[in-house]
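Notes follow the structure.
The values are calculated or read from the model by the stated rules, or taken from the named source; none is laboratory data. No experiment lies behind these values; they were computed from the predicted model shown. Note that we place each Cβ from the backbone using ideal geometry, even for glycine, and neighbour counts take in every protein chain shown. Only protein heavy atoms, including side chains, enter the accessible area calculation; ligands, DNA and RNA are left aside. Shrake-Rupley method; radii C 1.70, N 1.55, O 1.52, S 1.80 Å.
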Amino acid sequence: MVFPNFDPVALQLGSLAIRWYALAYVAGILLGWRYTASLIRSPQLWARPGPPLAPSALDDLVLWLTVGIILGGRLGYVAFYDTAVLWRDPLQVLKVWEGGMSFHGGLIGVVIAMALFARRHSVSLVALGDLVAPSVPIGLFFGRLANFVNGELWGRVTDVPWGVVFCTQRLAEAAGGVCPAGQTPRHPSQLYEAALEGVILFLILLWGVRGRGWLRRRGVVSGAFLVVYGASRIALETVRNPDLTMPTFPLGLTMGMMLSAPMIALGLALGLRAALSPPGTHVRS
């Protein structure tokens, strides 16, 4: 099938262009905010003394996280995938509305934001991670749909019936007249990621939180998120085309694989720590 000629601009208000990519971030943050608030309002899900935050503190946390997502995601993309932009056009780093965001960079930005917030409010960083992690797949889902609308991060060449030819006049013009994906059908890897990193990961964490009491042991939810996302991303990298700016790594590795492997190790460590430790207080000692 041929990639639909989506307009990346959802709404044009004079000189102001509101893009689907930006709306995806807004939707992910707002819905994640509401879902996190529902976890705080469910004290039965937590071990004593309850959730790590009062509902009144969540608004402040969301602001910190939003800054971490945007700065970390953009700087991570430049650091991991396109360092040449610093010499080619340094101002391009600031143009987050044009795409070019890294999940792993955003994750690092979020962890730094949570660490600063946890220090300021004297709560456990891991407990904050357990609170935030269940809502992250919501943002991942919308972000991957936005990647599909933008016609970016397409998959490797394939002959499956649902392969997509990611070449439209808009995409060709954006690339200087030649469509970088070519005329060959490719995996719609953005949709695979929306399903696996978004829907399935969300359902796994929902089952763990609501059905298995994972929030009663600090670190289980954070660990599960890191392991499942890391394993999913590594698996999907086998059908996702490497970024055009990337060199060829040995053993068929990709940057996404190498950045995801430490996530699995850290997630397993958190799970082991939780298994060996009794439920405890959220207050930082």
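Filter the stretch 80-94 down to the residues that are part of a helix (DSSP H, G or I) and either open to solvent by 60 Å² or more (accessible area, probe 1.4 Å) or modelled with pLDDT of 95 or more (or both) and list them by number. Quick ask: steps written out before the conclusion?
Initial filter on the stretch 80-94 (part of a helix (DSSP H, G or I)): 80-81, 85-88, 90-94.
If the condition is that a residue be part of a helix (DSSP H, G or I) and either open to solvent by 60 Å² or more (accessible area, probe 1.4 Å) or modelled with pLDDT of 95 or more (or both), then Leu86, Trp87, Arg88, Pro90, Leu91, Leu94 are the ones that fit.
Kindly indicate whether any position in the stretch 18-36 is assigned to a loop (DSSP other than H, G, I, E, B) and modelled with pLDDT of 90 or more.
No, the stretch 18-36 contains no residue that is assigned to a loop (DSSP other than H, G, I, E, B) and modelled with pLDDT of 90 or more.
Consider Gly252 against the criteria (1) at pLDDT below 95; (2) open to solvent by less than 50 Å² (accessible area, probe 1.4 Å): it satisfies all of them except one. Which criterion is unmet?
(2)
How many residues, within the stretch 58-84, are out of contact with any Phe, Trp or Tyr (no Cβ under 9 Å at 6 or more places or on another chain) and either of a type in the set (A, V, I, L, M) or free of Cβ contacts under 8 Å to residues at least 12 places away in the same chain (or both)?
8
Do the conditions hold for Pro52, that is, is it farther than 30 Å from Pro242 by Cβ and either hydroxyl-bearing (Ser, Thr, Tyr) or open to solvent by less than 80 Å² (accessible area, probe 1.4 Å) (or both)?
yes
List the number of the failed condition for Leu63; all other conditions in (1) within 28 Å of Val221 (Cα to Cα); (2) open to solvent by 80 Å² or more (accessible area, probe 1.4 Å); (3) not in a helix (DSSP H, G or I) hold.
Evaluating Leu63 over (1) within 28 Å of Val221 (Cα to Cα); (2) open to solvent by 80 Å² or more (accessible area, probe 1.4 Å); (3) not in a helix (DSSP H, G or I) leaves (3) as the failure.
Given the residues Leu268, Leu226, which is the only one that is open to solvent by less than 60 Å² (accessible area, probe 1.4 Å) and at pLDDT 90 or above?
Leu226
Does Pro43 satisfy being open to solvent by 40 Å² or more (accessible area, probe 1.4 Å) and more than 15 Å from the chain's Cα centre (by Cα)?
For Pro43, the condition - open to solvent by 40 Å² or more (accessible area, probe 1.4 Å) and more than 15 Å from the chain's Cα centre (by Cα) - is met.
Please go through the stretch 31-40 and pick out each residue that is surrounded by fewer than 19 Cβ atoms within 10 Å (Cβ to Cβ) and touching a helix residue (DSSP H, G or I) at 6+ places or on another chain (Cβ under 9 Å). Full working, then the answer.
From the stretch 31-40, those surrounded by fewer than 19 Cβ atoms within 10 Å (Cβ to Cβ) are 31, 33-35, 37-38; that's our starting set.
Those that are surrounded by fewer than 19 Cβ atoms within 10 Å (Cβ to Cβ) and touching a helix residue (DSSP H, G or I) at 6+ places or on another chain (Cβ under 9 Å): Leu31, Trp33, Arg34, Tyr35, Ala37.
Keeping to the stretch 11-40, report how many residues are over 30 Å from Thr158 (Cα atoms) and more than 18 Å from the chain's Cα centre (by Cα).
Looking only at that region, the number is 12.
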